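One structure is given here, and the rest of the page talks about it.
The values are calculated or read from the model by the stated rules, or taken from the named source; none is laboratory data. Here the structure is a predicted model, which is why all the values come from computation and not from measurement. Don't worry about glycine lacking a Cβ; one is built from the backbone with ideal geometry, like all the others, and counts go over all protein chains shown.
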Amino acid sequence: MEEPKGVGSVPKPVQFTYPEGVKKEGTVIKEVGAEIEVEKLGKYYAVIQLIEWQDGEKDIRFGYYRKKPGAKRYNWAKQPLFSQLISLRT
């Protein structure tokens, strides 16, 4: 499936700001996603991303993009959960 307009291909830069204001920067190195359409609410593109931070640590992030009815592009909508990896096999 082709990525929806507004969802960039990997690798792509990412930045996360903790509630205390501390910023963490890295790169999305892998991503899988699925498009979901919710009648009257628009389309969603749910993703699972593997992020490599500048310090070399890796995390998995679950989130989604949303395209409102009539809009041309998807926009990053939610970042509900980070899951830190203990080990990674590639």
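Summary table below
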read-out: Residue in segment 37-47 that is among the acidic types (Asp, Glu), part of a strand (DSSP E or B) and either surrounded by 11 or more Cβ atoms within 10 Å (Cβ to Cβ) or at pLDDT 90 or above (or both) present; value: no
read-out: Yes/no for ASP55 being out of contact with any Lys or Arg (no Cβ under 7 Å at 6 or more places or on another chain), exposed (fewer than 11 other Cβ atoms within 10 Å of the Cβ), at pLDDT 85 or above and closer than 16 Å to GLN15 by Cα; value: yes
